[in-house]
Amino acid sequence: MSKAVKKQIMDSLEQNLTDVSFLVVTSFQGLNVAQIDELRKQLRTNSSQYKIVKNRLTGKVLKQLNLEGVSGAFEGPTGLVIQKGDPVAPSKVLVDFSKNNEKFVIRAGYLEGKMLDIKDLTALAKMPSRPVMLGKLAGALNAPIQSFASALNATISSLALVLSALKDKKEKEN
């Protein structure tokens with residue numbers, strides 16, 4: 001491989017890994033092309049990428065980006081899952097895919113400065129996704145306001161019922 005090709009590969013990797021918040025190192029040895037394409041398809045629906053990488057070149061790029069803690073997991077055929085957003089959705093895809101494909105191995109992960117092992121990634125996969133968590137937060141923030149509005153409405157309704165009852169009583173007396 002010429003220096004120009006290596007430089008192009010490293011520049012492409014550097015562009016993909018710059019400002020990455022979530023990264024997973026995997027081994028795909030023993031998987032066929034159809035299985036890897038299926039994994040890529042599932043990850044693409046979650047705005048993630050799956051790249052098969054050269055270990056030595058990737059190690060150099062990771063060192064340049066101060067992500068060298070991940071480089072210890074680079075042995076043999078290596079694939080990278082790159083995500084710049086919500087890490088929960090790709091974690092679920094990876095854990096499910098590894099359960100269905102014994103040859104697919106999750107080696108290590110990186111999440112916003114912290115190294116993750118398979119236990120951490122499995123725990124991350126069990127969390128609700130970002131939209132679900134935002135929905136729960138919105139519901140929690142809305143509950144006190146809704147309760148206050150219901151209480152005010154109940155007070156006004158009670159007052160209206162009392163006034164209506166007084167009116168009916170006055171009409172019966174007359």
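The values are calculated or read from the model by the stated rules, or taken from the named source; none is laboratory data. All values derive from a computational prediction rather than experimental measurement. Cβ coordinates were reconstructed from backbone atoms using ideal geometry, including for glycine residues, and neighbour counts include every protein chain displayed. Surface areas here come from the heavy atoms of the whole protein model, side chains and all, with no ligands, DNA or RNA. Shrake-Rupley method; radii C 1.70, N 1.55, O 1.52, S 1.80 Å.
Which of the following residues is open to solvent by 70 Å² or more (accessible area, probe 1.4 Å), closer than 25 Å to V132 by Cα and not β-branched (V, I, T): K3, K103, K41?
On inspection, the qualifying residue turns out to be K41.
Evaluate the following for M115: is it within 15 Å of V20 (Cα to Cα) and at pLDDT 80 or above?
In short, yes.
Out of region 69-89, which residues are over 14 Å from the mean Cα position of the chain (by Cα) and open to solvent by 30 Å² or more (accessible area, probe 1.4 Å)?
Matches in region 69-89: G69, S71, G72, E75, G76, P77.
Against the definition (of a type outside the set (G, A, S), part of a strand (DSSP E or B) and modelled with pLDDT of 75 or more), how does L80 come out, yes or no?
Taking the combined requirement at face value, the residue satisfies it.
I need every pair where a residue in region 8-20 that is of a type in the set (D, E, K, R) has its Cβ under 8 Å from the Cβ of a residue that is not in a helix (DSSP H, G or I), sequence separation at least 6 or different chains.
Hits for this filter: E14/L65; D19/K84.
Search region 90-135 for residues being aromatic (F, W, Y) and over 13 Å from the mean Cα position of the chain (by Cα), and hand back the single one that is nearest to Q42 (Cα to Cα).
F97
Given the conditions (1) out of contact with any Ser or Thr (no Cβ under 6 Å at 6 or more places or on another chain); (2) closer than 28 Å to P131 by Cα, and given that P90 satisfies all but one, which numbered condition is not satisfied?
Answer for P90: the failing condition is (1).
Any residue that is in contact with a Phe, Trp or Tyr (Cβ under 6 Å, 6 or more places away or on another chain) and within 27 Å of V5 (Cα to Cα) - is there at least one of those in region 83-103?
For region 83-103, residues in contact with a Phe, Trp or Tyr (Cβ under 6 Å, 6 or more places away or on another chain) and within 27 Å of V5 (Cα to Cα): present.
Do the conditions hold for L31, that is, is it open to solvent by 10 Å² or more (accessible area, probe 1.4 Å) and either among the hydrophobic types (A, V, I, L, M, F, W, C) or touching a helix residue (DSSP H, G or I) at 6+ places or on another chain (Cβ under 7 Å) (or both)?
For L31, the condition - open to solvent by 10 Å² or more (accessible area, probe 1.4 Å) and either among the hydrophobic types (A, V, I, L, M, F, W, C) or touching a helix residue (DSSP H, G or I) at 6+ places or on another chain (Cβ under 7 Å) (or both) - is met.
Of all residues in region 13-28, count the ones that are modelled with pLDDT under 85 and either surrounded by 11 or more Cβ atoms within 10 Å (Cβ to Cβ) or more than 18 Å from the chain's Cα centre (by Cα) (or both).
Of the residues in that region, 8 qualify.
Which residues, taken from region 44-67, are polar (S, T, N, Q), within 21 Å of K6 (Cβ to Cβ) and surrounded by 18 or more Cβ atoms within 10 Å (Cβ to Cβ)?
The answer is T58, and nothing else.
Could you list, in sequence order, the residues of region 106-127 that are among the charged types (D, E, K, R) and open to solvent by less than 60 Å² (accessible area, probe 1.4 Å)?
D120
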